[in-house]
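This report refers to the structure that appears directly beneath it.
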Amino acid sequence: MSDRERVLGRVRRALADVTPDDRPYEAAVERDYLREHGERTAERTVELLAENLADYRAIVHRCGRAELPSLIGRLLAGREAGSVLVPPGLEPGWLAGTDAVRVPDRAGSTPHELDRVDSVVTGCAVAIAETGTIVLDGGPGQGRRRISLVPDHHICVVRVPGQVVSSVPRALERLDPARPSTWISGPSATSDIELDRVEGVHGPRTLEVILLG
Amino acid sequence: MSGTFVGMPAFPVAAREAVHDATLRGNLRHATHTIRAKRARAVGELSDWARLREAGRRIKDHTLRHLDRYLVQLEESVTAAGGTVHWAADAAEANRIVTALVKATGESEVVKVKSMATQEIGLNEALEAEGVRAYETDLAELIVQLGKDRPSHILVPAIHRNRGEIRDVFVREMGAWGRPAPEGLTDAPAELAEAARLHLREKFLRAKVGVCGANFMVAETGTLVVVESEGNGRMCLTLPETLIAVAGIEKVVPSWRDLEVFLQTLPRSSTAERMNPYTSTWTGTADEDGPRAFHLVLLDNGRTDALADRVGRQALRCIRCSACLNVCPVYERAGGHAYGSVYPGPIGAVLSPQLRGTASEIDASLPYASSLCGACYEVCPVAIDIPEVLVHLRERVAQGGPAVREGNRVVLRPARGHAAERAAMRAAGWVFARPRALRAGQRLASRTRRLHPRTLPGPGRAWSGARDLPAVPVEPFRDWWQRTRGGKDGGR
Amino acid sequence: MRVALFLTCVNDTLYPDTGRAVVALLSRLGVDVDFPMGQTCCGQAHYNTGYRHEAEPLARHFADVFRGYDAIVTPSGSCGAMVRELYPRMGERARAEGRGDSLAAALAPVVHRTYELTEFLVDVLGVTDVGACYPHRVTYHPTCHGLRGLGLGDRPRRLLEAVRGLELVELPGADECCGFGGTFALKNAEVSAAMGADKVRNAESTGAEVLCAADNSCLMHIGGTMSRLRTGMRPVHIAEILASTQEEAAA
């Protein structure tokens, strides 16, 4: 007998005493929890996102379309970034204000090559106000998962209010499970030393979020 | 489970050392008290916490009740998305599968995301025996691995170490495993994190094989979810060419939507954050993003035995948040090592004796490693009634009875060492069934009260080693009641 | 209303003063309380140590003894929780073992009529000021089965706050178990003793003369630790505080 048959057989025997419940799944689990916590205007939701991002030590900026290239240029210059990773589909104008070397996100790049790049600029799929989370799903302007991981400096542009939702349930509604996703809440951190949070481990140690209005 | 723990002494003996170790007590007290208050605040932010907890319980119960169906569905979804699914009835089979997969790549090292399932099966040791080195990349796992230590907490395996001890381990051991600790490393947590970053970087960048667990597996879509903080998980999940996940069969949930419950309850229960820094989800293999080969090993290793137990199966709802450890007064004083398992604390005390059986001394003693104070049940985000399961397992140890071991129905005999207790319980039962006998005993105790010492010899020292005995009153209440007709005759 | 005192075997044997205090307190509040002489033990120690089957005859005996009463009042959070929480569970388990409904049916009548003392005072009698006087500095330890099992909430605190002369001071780490836990105190004596010592140190730090709780088994452990550590504090059951009057305070 294969281990597959063995395990499934054990499961079925283990459940022999259970009274059958043929209700469809949607009926079997009551979901009376909230879709989002509290009622907020779109503007207030964006403010909450900004507060919660900052609470977990992301650096938050706000700007309009016109100022975006110069803001990104300033942020990269402030880090003395000589090179920046560019995901496919990133709006070309966003990087108009920087002369950092553009490194395209390519399948063939090795991790060591990525490690030599100073910064990365991406968009996102959705941002969650209640938790201060941005989610990347590899869509246009987001690139492969590793590009927002290996460089030490990540600039993420969130279009507000359009890309902002209140809550985790609202975010999941917008995401396609078939696409790999990365949920980011602040720079990398650890609680492994005395159960106290310290920022800055393997992921980018600096996360800058630009709320583009 | 892992061979590391074979031959562990019973819990009270193992706990003795920790209770008298002032540094360890201080470390555990500091860490658990820090997180307790923070967890309460993070949970308090959600007005619907009780409803989320109830939904989490129901999702897990529903899944367990139809586990065969959801496992088959998961297998189909993962396969359709380009992954390969393997089944392992026990630790040996899981280790054999993973070892063979690694060897097939021609690599001799793997990077690992923190995973309880791989700890449980002793995967690192199994790989080592076949010439494959496994690098733990989670900070706390790294501390444990470098220090040749054992994990003592589910979330923070090195919780028993303070910053000074961690510094010493880094300075002493990092050089032997790769890049040495930076010169002049202090015990500042930020510096220690930086040292780990530098040490592990080269390993991440050259790794060809990653090994991970899963926090959740979505049956309908074949999606796996890994929840982490440091980014080591993302490194292992996205940079290698081959990814091997080992996950317990109870980690499956039916739908993508179910994550809306657990991605709210897990971070707040675990690290007391609104959201952990990084969560990764992936479905099979993706075009040119991440590993080209993905394997999922579905692990039983005693889980179906627990599933067969009407009371005990609720322990399989566990999402490994470790909130129960952080609030447990026994864990705080006994430390994680005393539990003799990769699953310490209250959840370990109900999981280990179910996954491993109650035959060993340590497993037979774990159900008693609790004062039944109920703090664990109160904080559990999937409402596992741990005290109920503990008492149920005490019954199994003391009385024996029907159980399932490795898929077979067996009738367990009562554990050794409980004969005196059993006799005492029977005797007490006899007395309590006869109010007159009880009264005779009470009167005898009262008449001889002046002879009673404040401390006891022999087994009685278990009480009087640290506590004085109460004075026996002149008469039991019932004598007073009868003598004074309930105080109506004025006697006091 | 026919009210029975379920004193518990521990109180009957070792803490008769608590029983006398409950009788005095309830009499003062106009309740005629009875003490059924057939009562022995609720079976909690058996059940929680893994002897559920041995606990069953004790539970049946309890139900027989207390069947005819409208309210069963007990000065013990943990024995109260045994009847209210665990008796129904024992019935369910017997049913699951194919032994029918007889145990569940036998126990059902007493389950919802059983009240821990402070619940009975606040919820049934509707009083928080019981006319007590106790001119001492007191700290309150909520015992686990009362706090988390029965959900006594702020009832004991409200009762204590209404006592004349009583200064109530906050106990640090109040929610944490004292380490008694029935047979846990013997089976894991060292961990239990460490928990007890921490509880006593926290109590001492308040500067209170008295540590009050609603369960004498926990107080036996805490008091035994206090006396061993030679603290000046004493353990007192809440019933004895609530029963104290002006005259006693003067004397």
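Computed from the coordinates by the stated procedures, all read-outs in this text should not be read as laboratory data. None of these values were measured; they are calculated from a predicted model. Please note: Cβ atoms are built from the backbone with ideal geometry, for glycine as well, and neighbour counts cover all protein chains shown.
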Distant-in-sequence amide H partners of residue A:89 (H built 1.01 Å from N, under 5 Å): A:141
Orientation-averaged projected area, Cα convex hull of the stretch A:112-175 (nm²): 4.3 nm²
Please report, in debye to the nearest 20, how large the charge dipole of the protein assembly as shown is about its Cα centre when each Lys and Arg carries +1 at its beta carbon and each Asp and Glu carries -1 there. 2800 debye
Would you please calculate the Kirkwood hydrodynamic radius of the stretch A:1-145 over all C-alpha pairs and express it in Å, rounded to one decimal? 19.8 Å
Show me A:9-17, C:114-122 ranked by packing, highest mean number of other Cβ atoms within 10 Å first. C:114-122, A:9-17
Quick one: helix A:3-14 against the long Cα principal axis of chain A, what's the angle to the nearest 10°, folded into 0 to 90? 60 degrees
Starting from the Cα coordinates of the stretch B:18-125, work out the convex hull volume and express it per residue in Å³. 215 Å³
Helix C:189-205 sits at what angle to the longest principal axis of chain C, using alpha carbons and giving 0 to 90 degrees rounded to 10? 40 degrees
Phi angles of the stretch C:26-33, converted by Karplus (6.51 cos²θ - 1.76 cosθ + 1.60, θ = phi - 60°) into ³J(HN,Hα) in whole Hz with x for Gly and Pro, give 5, 4, 4, 8, x, 9, 8, 9
With -39,500 (n - 2.57) per DSSP H segment of 4 or more residues and division by the full residue count of chain B, the 222 nm estimate, nearest 500 deg cm²/dmol, is -14500 deg cm²/dmol
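Using a Förster distance of 30 Å, how high is the FRET efficiency between residue A:77 and residue A:107, based on the Cβ-Cβ distance and rounded to 0.05?
Rounded to the nearest 0.05, the efficiency is 0.50.
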Cβ-Cβ cut-off under 9 Å around residue B:464, Lys and Arg +1, Asp and Glu -1: the net charge is +3
Have a look at the DSSP beta bridges in chain B and tell me what percent are antiparallel, nearest 5. 40 percent
Hull surface divided by four, with the convex hull built on the Cα atoms of chain C: how many nm²? 13.1 nm²
Assign unit charges at the C-beta atoms only (+1 for Lys and Arg, -1 for Asp and Glu), then state the dipole size of the stretch C:137-250 relative to its Cα centre in Debye, rounded to the nearest 20. 200 debye
What order, most packed first, do the peptides A:27-34, B:243-250 have when packing is the mean number of other Cβ atoms within 10 Å of each residue? B:243-250, A:27-34
Diffusion coefficient, µm² s⁻¹, Stokes-Einstein with Kirkwood Rh over alpha-carbon pairs of the stretch C:103-194 at 20 °C and 1.002 mPa s: 138 µm²/s
Please find the FRET efficiency linking residue B:129 to residue B:198, where r is the Cβ-Cβ separation and R0 is fixed at 41 Å, and quote it to the nearest 0.05. 0.85
Once amide H atoms are built 1.01 Å from N in the peptide plane, which residues 5 or more positions from residue B:253, or in another chain, come under 5 Å H to H? B:217, B:218, B:219
Summing -39500 (n - 2.57) over every DSSP H run of at least 4 residues in chain C and dividing by its residue count gives a helix-only mean residue ellipticity at 222 nm, to the nearest 500 deg cm²/dmol, of -13000 deg cm²/dmol
Could you estimate the translational diffusion coefficient of the stretch C:137-250 from the Stokes-Einstein equation, with Rh from the Kirkwood formula over C-alpha pairs, at 4 °C and 1.567 mPa s, in whole µm²/s? 91 µm²/s
Please list, or write none, the lysines whose alpha carbon is within less than 30 Å of the alpha carbon of residue B:38, excluding same-chain residues fewer than 8 places away. B:60, B:112, B:114, B:251, C:199
Less than 13 Å from a label point 7 Å out along the Cα-to-Cβ axis of residue B:292: which backbone N atoms in the stretch A:94-133 qualify, by residue? A:107-109
When the charge dipole of the stretch C:3-124 is computed with +1 on Lys and Arg Cβ and -1 on Asp and Glu Cβ about the Cα centre, the Cα farthest towards its positive end, among C:68, C:24, C:98, belongs to C:98
Normalised by the number of residues in the stretch B:171-258, what is the relative contact order in percent for Cα pairs under 8 Å and 6+ residues apart? 28 percent
Taking only the alpha-carbon atoms of the stretch C:8-118, the convex hull volume per residue, in cubic angstrom, is 93 Å³
Whole-Å semi-axes of the ellipsoid equivalent to the stretch A:82-213 (Cα gyration tensor, √5λ, descending): 22, 20, 14
The base-10 log of I(q)/I(0) that the Debye equation returns for chain B at q = 0.06, 0.08, 0.09, 0.10 Å⁻¹, one scatterer per C-alpha, is -0.33, -0.55, -0.67, -0.81
Taking alpha-carbon centroids only, the stretch B:206-273 lies from the stretch B:392-445 a number of Å equal to 44 Å
per DSSP, antiparallel bridges as share of beta bridges in the stretch A:40-212, % nearest 5, sits at 25 percent
Given charges of +1 on the Cβ of Lys and Arg and -1 on the Cβ of Asp and Glu, with all other atoms neutral, how large is the dipole of the stretch B:270-371 about its Cα centre, in debye to the nearest 20? 300 debye
Taking the Cβ of residue B:213 as the centre, find all other residues whose Cβ is under 10 Å away and add up their charges (Lys, Arg: +1; Asp, Glu: -1). +3
Given C-alpha coordinates of the stretch B:436-492, what is the ratio Rg to Rh with the Kirkwood estimate of Rh? 1.11
For a quick check of your reading of the filter: which trypsin sites (Lys or Arg not before Pro) in the stretch C:94-154 sit in a DSSP loop and have no more than 15 other Cβ atoms within 10 Å? C:99
Plugging the Cβ-Cβ distance of residue C:161 and residue A:44 into 1/(1 + (r/R0)^6) at R0 = 41 Å yields, to the nearest 0.05, a FRET efficiency of 0.50
Overall Cα dimensions of the protein assembly as shown - principal axes, largest extent first, Å: 100, 63, 57
In Å, what is the Rg of the alpha-carbon atoms in the stretch C:114-154, and how long is Dmax? 11.7, 31
The set of cysteines in chain B having no other cysteine's C-beta under 4.7 Å reads B:212, B:236, B:318, B:321, B:328, B:380
Compute the angle between helix C:102-111 and the longest alpha-carbon principal axis of chain C, please, reported from 0 to 90 degrees and rounded to the nearest 10. 30 degrees
When DSSP beta bridges are limited to those with both residues in the protein assembly as shown, what percentage is antiparallel, rounded to the nearest 5? 30 percent
Shape parameters for the stretch B:77-177, alpha-carbon atoms, Rg then Dmax in Å: 15.5, 49
